[in-house]
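Participant: Below you'll find the structure I mean.
The values are calculated or read from the model by the stated rules, or taken from the named source; none is laboratory data. Remember, it's a predicted structure, so these values are computed and weren't measured experimentally. Glycine gets a Cβ as well: all are built from the backbone with ideal geometry, and neighbour counts include every protein chain shown. These accessible areas exclude ligands, DNA and RNA; they are computed on the full protein's heavy atoms, side chains included. Shrake-Rupley method; radii C 1.70, N 1.55, O 1.52, S 1.80 Å.
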Amino acid sequence: RLVKSVLAGAPGLSETENYPFVGEDLCAKLGLDTSAYWRLANPLSAHQSLLRQSLVPNLLMNVRTNQARYDHFGLFEIGRIFLSSQSEILKMAGSEEKLPYQEKRLGLVMAGDRRGKTFARAKAVVSHLLTALRLIPPVGEDAYAVLAAELKPAWADAGCAAVVTIAGETAGLVARVDA
C-alpha cells in the first residue's frame, strides 16, 4: 500500500493491472527467450499463451496503447511473475505436480517525447520511492550503477541503462526503450 501511495502521490503515476499472460510474439520482439516460460494448456488467445516472467512486456503494451492519447504519462504495476522453477505448492491435493515459483514485482514505465528528460524523470521517481521507503543509499553513495552492455536486457537501449542498487544488492533497472 505504501508503494502504491508513494507512486500515485508526488510523481503522479497511474496504477495499471495486467493479466499475468504474455505472447511469444511480443517476447520475440523484445528479445526475450521464452524457452523457460510456463506454457498455458488452454490460453485465452495466441497473444496470451505464456505465464509472464517479467512485467516489462505488458507495461510496454500499455505505453503503446496510451501514447495515442497522452504526450507524457507514467504507469506502474505491482504484480506476480512466474519463474521457470517449481514452488513447493502442490497444484492439486493428492497430486505430485507443483505450481510455478512466483514473485511479486514492481514495474514502472514513463513515456514522453524527449528521451533524456523522460529517463531522468524515471530515475527521479525511483529515487523518490527509495527515499519514501527509507532505502536511500548512504551519503556519498549513488543508488545507480552503470550497467555493463553484456548485462543489458535486449529490450533496453544500450546508451541509457542503469542498475538500481540498495546496500550493494541489485534491486532493479532503469532503462530507456526506443519505440
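Participant: Using a probe of 1.4 angstrom, how much of the accessible area of region 61-121 is carbon and sulfur, in percent?
Facilitator: 48
Participant: Enter the angle in degrees (range 0 to 90, nearest 10) between the Cα long axis of helix 56-66 and the first principal axis of the Cα atoms of the chain, meaning the one along which they spread out most.
Facilitator: Tilt of helix 56-66: around 70 degrees.
Participant: A further question follows. Compute the signed sum of charges (Lys and Arg +1, Asp and Glu -1) over the other residues within less than 11 Å, Cβ to Cβ, of THR34. Write down the numbers at each step before the final one.
Facilitator: On the way: positive: ARG39, ARG52; negative: GLU24, ASP25, ASP33.
Once all neighbours under 11 Å are counted, the net charge is -1.
Participant: What accessible area per residue comes out for region 1-80, rounded to a whole number of Å², with a 1.4 Å probe?
Facilitator: Working: 4760 Å² over 80 residues.
On a per-residue basis, region 1-80 sits at 59 Å².
Participant: Local charge sum around HIS128 (other residues, Cβ-Cβ under 15 Å, Lys/Arg +1, Asp/Glu -1)? The partial results should precede the final answer.
Facilitator: Details: positive: LYS4, ARG121, LYS123, ARG134; negative: none.
The answer is +4.
Participant: Helix 115-132 sits at what angle to the longest principal axis of the chain, using alpha carbons and giving 0 to 90 degrees rounded to 10?
Facilitator: Between helix and principal axis, roughly 80 degrees.
Participant: How large is log10 I(q)/I(0) at q = 0.10, 0.17, 0.19, 0.24 Å⁻¹ when the Debye formula is applied to the Cα atoms of region 1-105, each weighted equally and without solvent?
Facilitator: Taken in order of the listed q values, log10 I(q)/I(0) reads -0.36, -0.89, -1.03, -1.30.
Participant: Which value results for Rg/Rh of region 11-63 when Rg is the Cα radius of gyration and Rh the Kirkwood radius based on the inverse mean 1/r? All intermediate terms of the calculation are to be shown ahead of the outcome.
Facilitator: Details: Rg = 11.7 Å, Rh = 11.7 Å.
Rounded to two decimals, Rg/Rh equals 1.00.
Participant: Find the relative contact order for the chain and round it to a whole percent, using C-alpha pairs within less than 8 Å whose residues are 6+ positions apart. List each step's numbers first, then the result.
Facilitator: Numbers: 263 pairs, mean separation 31.1, N = 179.
Relative contact order comes out at 17 percent.
Participant: Using the per-residue mean of other Cβ atoms lying within 10 Å as a proxy for protection, in what order, highest first, do the peptides 63-71, 123-131 fall? Kindly include the intermediate steps, with their values, before the conclusion.
Facilitator: Details: 63-71: 11.2, 123-131: 17.2.
Output ranking for 63-71, 123-131: 123-131, 63-71.
Participant: Summing +1 for each Lys or Arg and -1 for each Asp or Glu, what net charge is found among the other residues whose Cβ lies under 13 Å from the Cβ of GLU24? Each step should come with its number before you reach the end.
Facilitator: Details: positive: LYS29, ARG39, ARG52; negative: ASP25, ASP33.
Overall, the nearby charge balance is +1.
Participant: Structure shown: which of LYS4/LYS29; LYS29/LYS91; LYS123/LYS152; LYS4/LYS104 lie over 20 Å apart, alpha-carbon to alpha-carbon?
Facilitator: On the way: LYS4/LYS29 30 Å; LYS29/LYS91 32 Å; LYS123/LYS152 17 Å; LYS4/LYS104 14 Å.
Violating the 20 Å limit, Cα to Cα: LYS4/LYS29; LYS29/LYS91.
Participant: Of the DSSP beta bridges with both residues in the chain, give the percent that are antiparallel, rounding to the nearest 5. Intermediate results must be reported in sequence, preceding the final value.
Facilitator: Values: 24 of 26 bridges.
The answer is about 90 percent antiparallel.
Participant: Mind pulling the per residue volume of the convex hull built on the Cα atoms of the chain? Å³ is fine.
Facilitator: Values: hull volume 26.5 nm³, N = 179.
Cα-based convex hull of the chain, divided per residue, equals 148 Å³.
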